[in-house]
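Enquirer: I have a structure I would like to understand better, so I am pasting it below and will then ask my questions one at a time.
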Amino acid sequence: MKTATFGATGALGAIAIAIASASALAACSSSDGSGAAADAAPPISLGDAAFFDAPEPDGAKPMVDGGFAGPDGSVVRADRFATKVVSFTPGDCAGFGLPAMPGVVLGPPVGAGSFAGGLDVITLGVSGEIVLVFDDNAIGDGPGADFLVFENAFWAGGNPERPVAELAEISVSEDGVTWKAFPCNASAPGAGGSSYGTCAGWRPVYSAPGNGISPVDTKAAGGEPYDLAELGMTSARFVRVRDLATVTCPSNPANKSTTVGFDLDAVAIVNAKLP
């Protein structure tokens, strides 16, 4: 188990927990095996958490025929995922994954499932922001969700009513100038609740290269789904992710973590202008 610190809410750090074994995480449920204690507990917000000593990602994602390997030998176009980081404005206590930029947020997600958070991410820091673009493609408004945003959320003790959440607001733009944001209520739902609505950062990620789960399958891939129709838009090329953490980082640099706030893994187009 890696060392973790606690932020203003006392929440345990996601990256630290991500490298714990599944059995250790399962122990977070009730000791009598009934799950009653876990069922009654509220969701865990990690927006104010801090962490140490997690291995840095390398950002490497193998390509096949100019794209990325999909299930059953298929190839998913490279521009179904963000192709460029337009800007990155790190907040306080950001920086995990920075050596692997920009590749760490381009291409498909590297999910770790319900019991642990993946480490192939960039941490935005408190109120940090990143803007991504699909250079030769665009998100189109089609049936259902149009794109997916992947963080590294998971379920405490495997309990879907206790998402380990680090939240962000998602905005989209056609030209990178005029933006529309999906409404996001970062207040934790009550006991037994599990939804942060259209905030990003509270659903586990299941798709990863080589595991047979398509990163553009809204029913299987995990992450948060977004529908352009909810904003009255028909197309978007830019996606902006803004962290919603509220912690105050230590003023002494020696005590600062680099892993506070939203951890971005990837953004994928479901309904693409060029599928």
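The numbers here are math on the coordinates, done by the rules we state, and not lab data. It should be emphasised that the depicted structure is a prediction, and the values quoted were computed from it without experimental measurement. Don't worry about glycine lacking a Cβ; one is built from the backbone with ideal geometry, like all the others, and counts go over all protein chains shown.
Enquirer: When a/c is below 1.5 the answer is rounded, else prolate if a/b is larger than b/c, else oblate, so apply that to segment 95-223 with a ≥ b ≥ c taken from the square roots of the Cα gyration tensor eigenvalues.
Expert: On the way: a/c = 1.35, a/b = 1.21, b/c = 1.12.
Cα axes put segment 95-223 in the rounded bin.
Enquirer: Shifting gears a bit: Using 0.36 nm times the number of residues separating Glu230 and Val75, minus their current alpha carbon distance, what extension gain do you get?
Expert: 52.8 nm
Enquirer: If the chain between Asp135 and Thr246 were fully stretched, how many nm would it gain, using 0.36 nm times the residue separation less the Cα-Cα distance?
Expert: 36.7 nm
Enquirer: Moving to a separate point now. What distance in nm lies between label points placed 7 Å from Cα along the C-beta direction at Ala220 and Glu174?
Expert: 3.4 nm
Enquirer: Kindly state, to the nearest 0.05, the FRET efficiency for Lys273 paired with Glu56, given R0 = 45 Å and r defined as their beta-carbon distance.
Expert: Using R0 = 45 Å, I get an efficiency of 0.85.
Enquirer: Aspartates and glutamates near Lys256 by alpha-carbon distance under 20 Å, same-chain residues fewer than 8 away left out - which ones?
Expert: Counting by Cα, and skipping residues close in sequence, Lys256 has these aspartates and glutamates nearby: Asp48, Asp53, Glu56, Asp92, Glu129, Glu166, Asp243.
Enquirer: Quick one: Karplus J couplings for segment 123-133, per residue in order, coefficients 6.51, -1.76, 1.60, θ = phi - 60°, nearest Hz, x for Gly and Pro?
Expert: 8, 7, x, 5, 6, x, 9, 9, 10, 10, 9
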